[in-house]
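Engineer: Here it is, the structure in full.
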Amino acid sequence: MGLLELTLLAVGLSMDAFAVSICKGLAMDRVTPGRAAVVGLWFGGFQGLMPLAGWFLGSRFAGYIAAVDHWIAFALLVVLGINMLREARQGENEEADASLAVGIMLAMALATSIDALAVGITFAFLAVDILPAVTFIAAVTFLLSALGVKLGSLCGTRYRAKAEALGGGILILLGCKILLEHLGVF
């Protein structure tokens, strides 16, 4: 997986966290760099840890399913992308909550990073160099989440659905690219 694909994947994965960060910023009476960094650390940390956990799981089974690994990667990414598109289309309004309490942030970080676990499984099948990949994903998510808090304080939730739709589209395209590369189209 090249830098361009990894960047697109990192941006796609971070869109849920970005959308929630916008909601956080909207709810905060005062946004500071420290508060934005806390949100970024929670979301970035989990977006880095979850693909690592998925990679460990996938590594255990990669030898057994090597013949169909490209189909699994394709299916996981497309299903995740379709789910993000569906959520964007439904326009669910998440309740804006300014709290940075551990319990609340843990639940939000887990909820926004479940898709990263599935991506980590695909990393095992694609023989991705995992530590640089998860570090990059974590850094991109940190930056976009911290930026989302600031944007939320400025703009509100107007762009939430568009961010989720963009992320979903990116995941679907990456899944298709993986499959087409394996089938020899690219």
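The values are calculated or read from the model by the stated rules, or taken from the named source; none is laboratory data. Quantities reported herein were computed from a predicted structural model and do not represent experimental measurements. Methodologically, a virtual Cβ is constructed for each residue, glycine included, from the backbone with ideal geometry; neighbour enumeration extends over all protein chains shown. Side chains are part of the model used for accessible areas, which takes the heavy atoms of the whole protein and leaves out ligands, DNA and RNA. Shrake-Rupley method; radii C 1.70, N 1.55, O 1.52, S 1.80 Å.
Engineer: Determine whether segment 66-80 contains at least one residue that is within 23 Å of Ala107 (Cβ to Cβ) and at pLDDT 90 or above.
Structural biologist: No, segment 66-80 contains no residue that is within 23 Å of Ala107 (Cβ to Cβ) and at pLDDT 90 or above.
Engineer: How do the pairs read when you match residues in segment 123-134 that are more than 12 Å from Phe56 (Cβ to Cβ) with residues anywhere that are among the charged types (D, E, K, R) and part of a helix (DSSP H, G or I), using Cβ under 9 Å and keeping only pairs 6 or more apart or on different chains?
Structural biologist: Phe125/Asp69; Leu126/Asp69
Engineer: Taking the residues in segment 129-149 that are within 15 Å of Ala53 (Cβ to Cβ) and open to solvent by 20 Å² or more (accessible area, probe 1.4 Å) as candidates, determine which candidate is farthest from the chain's Cα centre (by Cα).
Structural biologist: Filtering first and then ranking leaves Leu131.
Engineer: Continuing with this model, one more query. Tell me, yes or no, whether segment 165-186 has at least one residue that is more than 25 Å from Ala53 (Cβ to Cβ), free of Cβ contacts under 8 Å to residues at least 24 places away in the same chain, in contact with a helix residue (DSSP H, G or I) (Cβ under 6 Å, 6 or more places away or on another chain) and surrounded by fewer than 16 Cβ atoms within 10 Å (Cβ to Cβ).
Structural biologist: Yes - at least one qualifying residue is present in segment 165-186.
Engineer: For segment 54-64, enumerate the residues that are aliphatic (A, V, I, L, M) and either open to solvent by 50 Å² or more (accessible area, probe 1.4 Å) or within 14 Å of the chain's Cα centre (by Cα) (or both).
Structural biologist: Within segment 54-64, just Leu57 meets the criteria.
Engineer: OK, next. Can you find a residue that is modelled with pLDDT under 85 and buried (at least 23 other Cβ atoms within 10 Å of the Cβ) anywhere in segment 81-100?
Structural biologist: yes
Engineer: Moving on to the next point. Out of the residues in segment 12-34 that are closer than 19 Å to Ala111 by Cβ and β-branched (Val, Ile, Thr), state the one that is surrounded by the fewest Cβ atoms within 10 Å (Cβ to Cβ).
Structural biologist: Checked segment 12-34; the qualifying residue surrounded by the fewest Cβ atoms within 10 Å (Cβ to Cβ) is Val20.
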